[in-house]
Amino acid sequence: MVSKAKSHDTERVEPIHDADNEIGQLANQQEHELSPLQAILKRPKSFAWGLFAISTCLLVSFENQAAGMVLSVPEFRKDFGHEFAGDYVLDADWQSAFYGGPVASSVIGTFCAGYLADRFGRKPLLITALLVSFAAITLEFLATYSAMFFGGKFLNGFAIGTILSVSVTYIGEVTPLALRGILTCLTALMMTLGPLTSAIIIDNTGDFDTRWAYRAVFCAQYGFAGISALFVGFMPESPLWLLSVGQEDKAAKSLTRLGYDGLDLDIHLAQMKKMLREAKEEVANATYIDCFRRSNLRRTIISIMPLSIQALSGVFFIASYGTYYIQLAGYSTGTSFKLQIAQHGLAMAGNICSWFLIDRIGRRPLMLWGTVSVTLILLVAAGLATAGSPAAIKGSVGLIVAYNFVYNISIGASAYTLLCEVATSQLRIKTISIGVALQNVIYCIWAFVIPYVFNPDQANLQGKTGFIFGALGVICVVYLWFYQPETANRSYEELDELFRKGISVRDFGKYQTEAEGRDKVGEKQT
């Protein structure tokens, strides 16, 4: 009798699954038919909440760069450092701690986010992270000695690691295919807008002879956290997460708040069911270990490597030590701050250009040739620094400034797109957490190593530090050439099929999937 009951259950379920599959295929076809502008007009609410998720990354970028920027403020070095050769420098130990501590805690934050976001949801975790950030910012702002300042930075690391992992995951789960590339590029824009704002503040306050020379920067973080906190309570929970935990009614309500209704809602709900069912067939009760099993191993590597390439390509060195190097090269504090603003302005311009290239040119060319370009810039800049003449030093500084544009039009933008779209739906938050954590581990290494390599009271390599990152860039280029596939204009269903079948890097972009074949048949029948 039990077997008969099971048989009847199967008979009832299979037609439902078949219907979901057919409707899901229709949704896939509709996604391919929309241009970015059409997607915005058709899904304005999804676009708006995607923008909100991106805006939370402003806090991440501001906090990440604040420690590096205040290092260039003489009053900060005076209050937290010691006198050396007529000037004030920060102890290499504390300098490493200020950089490395929050990076290390953000690694823990990202790994915790992978578990907590799957258990409690994206929205509750984001709210908690913002509250923790408020407390941490208060410690940074009130700090009068190194240990207290370090405590604030370390605590904030937990928050920003969580915020970045959750926000990138949320973007991938609520935005249409046509907007996925642009919105993930906008994540990179937030990573430049925060430092630009910080640079403008320091340009206006950096010459003060009081603690407000650097405290103004930390005070400004309240604004970013406050704006996010103001709207996060109204944010719809990810419908994909709600569906994954069996809350179909709430998933439908969330889709309604994201702008879906009527037949569109049913179609999108069926598409998500199909995607989750296929993912669960390969990975049930997902854990971090599953990210490294079967076809998921390849997906995990391809997803997380672009962020690691960011960390290996010199961006930490340029962002954290660029202004300090400009000062050591002989430029005044005021001039160095203005050049810093120029760097971040070029970074924003590069990112805006990437919006028009990410889908047209593709992810692979942007990553590959962008890495080639920044590698050459670093090697040439380091060579000019070695020459040591005034003209060569100016050339080195000019290349460091130009680096920001090239990096953000290529690696800086496309890495977040790949991180978001390559992972399977069942493992997306965990894969993103691994990617962010690995990047932060590499940043943590640089945070502890670079002060001893770069500083004038240590190895004093200064601009010649670029040789280290140039050499690593060559290795990254080799990886990208042989291992990075093209994923532009592929739906999640198509990407699942391509990785499941093990399609090679060379065939990845031109391979016709079963989903595409069905779409073409459907078009002919229509």
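Values for this structure:
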| read-out | value |
| --- | --- |
| Enumeration of residues in the range 407-466 that are of a type in the set (Gly, Ala, Ser) and either part of a helix (DSSP H, G or I) or over 22 Å from TRP355 (Cα atoms) (or both) | GLY412, ALA413, SER414, ALA415, SER425, SER433, GLY435, ALA437, ALA447, ALA459, GLY463, GLY466 |
| Residue selected from the range 466-504 under the condition over 22 Å from SER373 (Cα atoms) and of a type in the set (A, V, I, L, M), by the criterion surrounded by the most Cβ atoms within 10 Å (Cβ to Cβ) | LEU498 |
| Looking only at the range 120-160, and only at residues there that are closer than 17 Å to LYS430 by Cα and either in contact with an Asp or Glu (Cβ under 7 Å, 6 or more places away or on another chain) or at pLDDT below 90 (or both), the one that is surrounded by the most Cβ atoms within 10 Å (Cβ to Cβ) | ILE160 |
| Residue pairs meeting the criteria (Cβ under 7 Å; at least 6 apart or on separate chains; first modelled with pLDDT of 70 or more and of a type outside the set (Lys, Arg), in the range 280-302; second outside any helix (DSSP H, G or I) and surrounded by 15 or more Cβ atoms within 10 Å (Cβ to Cβ)) | ASP290/VAL283; ASN296/VAL283; ASN296/THR424; ILE302/GLN484; ILE302/PRO485 |
| Qualifying position, being loosely packed, with under 13 Cβ neighbours inside 10 Å, charged (D, E, K, R) and at pLDDT below 70, among LYS510, LYS524 | LYS524 |
| Criterion violated by ASP249 - all others in (1) more than 27 Å from VAL422 (Cβ to Cβ); (2) touching a residue at least 60 places away in the same chain (Cβ under 8 Å); (3) not small (Gly, Ala, Ser) satisfied | (2) |
| Subset tally (residues that are part of a helix (DSSP H, G or I) and crowded, with 20+ Cβ neighbours inside 10 Å) for the range 349-370 | 9 |
| Some residue of the range 430-441 being in contact (Cβ under 8 Å) with a residue 40 or more places away in the chain, surrounded by 24 or more Cβ atoms within 10 Å (Cβ to Cβ), closer than 30 Å to TYR331 by Cβ and of a type in the set (S, T, N, Q) | no |
| Some residue of the range 326-343 being of a type outside the set (D, E, K, R) and under 21 Å from the mean Cα position of the chain (by Cα) | yes |
| In the range 241-294, the residues that are touching a Pro at 6+ places or on another chain (Cβ under 7 Å) and of a type in the set (Lys, Arg) | ARG257 |
| Pair list, Cβ < 6 Å and 6+ apart or interchain, from the range 504-515 residues that are under 12 Å from THR487 (Cα atoms) to residues that are surrounded by 15 or more Cβ atoms within 10 Å (Cβ to Cβ) and β-branched (Val, Ile, Thr) | TYR511/ILE503 |
| Test: SER320 is in contact with a Gly (Cβ under 7 Å, 6 or more places away or on another chain) and crowded, with 18+ Cβ neighbours inside 10 Å | yes |
| Filter pass, TYR331 being of a type in the set (Phe, Trp, Tyr) and part of a helix (DSSP H, G or I) | no |
| Positions within the range 180-200 being β-branched (Val, Ile, Thr) and closer than 16 Å to GLY350 by Cβ, in sequence order | ILE182, THR184, THR187, THR192 |
| Residues of the range 184-220 satisfying the condition of being touching a Pro at 6+ places or on another chain (Cβ under 9 Å) and either among the hydroxyl-bearing types (Ser, Thr, Tyr) or outside any helix (DSSP H, G or I) (or both) | GLY206, ASP207, ASP209 |
| Residue pairs meeting the criteria (Cβ under 9 Å; at least 6 apart or on separate chains; first on the phi > 0 side of the Ramachandran plot, in the range 351-376; second of a type outside the set (Lys, Arg) and in a loop (DSSP other than H, G, I, E, B)) | GLY362/GLU486; GLY362/THR487; GLY362/ALA488; GLY362/ASN489; GLY362/GLY509 |
| Hits in the range 467-498 - residues which are closer than 24 Å to LEU34 by Cβ and either part of a helix (DSSP H, G or I) or more than 24 Å from the chain's Cα centre (by Cα) (or both) | TYR492, GLU493, GLU494, LEU495, ASP496, GLU497, LEU498 |
| Verdict on SER396 being in contact with a Phe, Trp or Tyr (Cβ under 8 Å, 6 or more places away or on another chain) and either crowded, with 24+ Cβ neighbours inside 10 Å or over 22 Å from SER354 (Cβ atoms) (or both) | no |
| Those residues of the range 116-136 which are within 20 Å of the chain's Cα centre (by Cα) and touching a residue at least 60 places away in the same chain (Cβ under 8 Å), in sequence order | ALA117, ASP118, GLY121, ARG122, LYS123, LEU126, ILE127, LEU130, SER133 |
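Every residue, every condition in (1) among the small types (Gly, Ala, Ser); (2) without any contact (Cβ under 8 Å) to a residue 24 or more places away in the chain; (3) surrounded by 24 or more Cβ atoms within 10 Å (Cβ to Cβ); (4) in contact with a Gly (Cβ under 6 Å, 6 or more places away or on another chain), yes or no:
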| residue | (1), (2), (3), (4) |
| --- | --- |
| LEU378 | no, no, yes, yes |
| ALA387 | yes, yes, no, no |
| ASN408 | no, no, yes, yes |
| GLY412 | yes, no, yes, no |
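The values are calculated or read from the model by the stated rules, or taken from the named source; none is laboratory data. Because the structure is predicted, anything quoted here is derived from the model rather than measured. Because the Cβ atoms are built from the backbone with ideal geometry, glycine has one as well, and the counts that use them run over all protein chains shown.
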